[in-house]
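These notes are about the structure you will find just below.
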Amino acid sequence: MDMFFIPAKSPEDWKPLLAKPDLHWKTGYSAKALAYCWQKAQCFPDSVVDVFRSSGIALFAHVEMLIAFPEYKVPLPGGTTESQPDIFIMAKGEGKLISIAVEGKALEGFGETINE
């Protein structure tokens, strides 16, 4: 796992971080859409802030993003590959650290539901 992170100056800086850039970096797909949305916001996008505030959870009432890592690889013991959420965020709310993993989906599915 890489331990050095380079700041992204534009959404296009996120593309090389993808597991399969040529396959996943397409208009209408989550990786590219999220990169443009989050990079433009430079913090939590308004839609995310709205969800946090409407949750009624005090921890998220005034959450502050500290740092975000696009396509951060997370080891999965016993798994065959690492998990690679679109964005891994360290945030702060109510004086506590919060870790948030964002996995967006646009045209792709999440897979089987719990009911299935």
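Laboratory data are not the source of any read-out in this text; all were calculated from the coordinates shown. The structure presented is a predicted model; accordingly, all values stated were derived computationally and were not measured. Every residue, glycine as well, gets a Cβ built from its backbone with ideal geometry; the counts of neighbours run over all protein chains shown.
Things worth noting here:
- MRE, 222 nm, helices only [DSSP H, n ≥ 4, -39500 (n - 2.57), over the chain, to nearest 500]: -6000 deg cm²/dmol
- Contact order for the chain, expressed relative to its length and based on alpha carbon pairs under 8 Å spaced 6+ residues apart, stands at 21 percent.
- Considering the range 24-65 at the alpha-carbon level, its Rg and Dmax are found to be 12.5, 37 Å.
- Taking the alpha carbon gyration tensor of the range 54-116, multiplying each eigenvalue by 5 and rooting it gives semi-axes of 25, 17, 12 Å, largest first.
- Comparing Pro21, Pro45, Pro75 in a Gaussian network model of the chain where C-alpha atoms under 10 Å apart are linked, the largest mean-square fluctuation is found at Pro75.
- 0 to 90° range, to nearest 10: angle between helix 30-41 axis and the chain longest Cα axis: 40 degrees
- Ranking of Met3, Met65 by count of other Cβ atoms within 10 Å, fewest first: Met3, Met65
- Gaussian network model of the chain, springs between alpha carbon atoms under 10 Å - residue of Phe60, Phe44, Phe88 with greatest fluctuation: Phe60
- Counting other Cβ atoms within 10 Å as a rough exposure proxy, the listed residues Asp50, Asp22, Asp13, Asp86 run Asp22, Asp50, Asp13, Asp86 from fewest neighbours to most.
- FRET efficiency estimate (nearest 0.05) - Cβ-Cβ, Glu112 to Asp13, R0 41 angstrom: 0.75
- Based on the Stokes-Einstein relation at 10 °C and a viscosity of 1.306 mPa s, and on the Kirkwood radius from alpha carbon pairs, the range 11-102 is assigned a translational diffusion coefficient of 111 µm²/s.
- GNM result for the chain, Cα springs below 10 Å: residue of Glu12, Glu71, Glu82 fluctuating most strongly: Glu82
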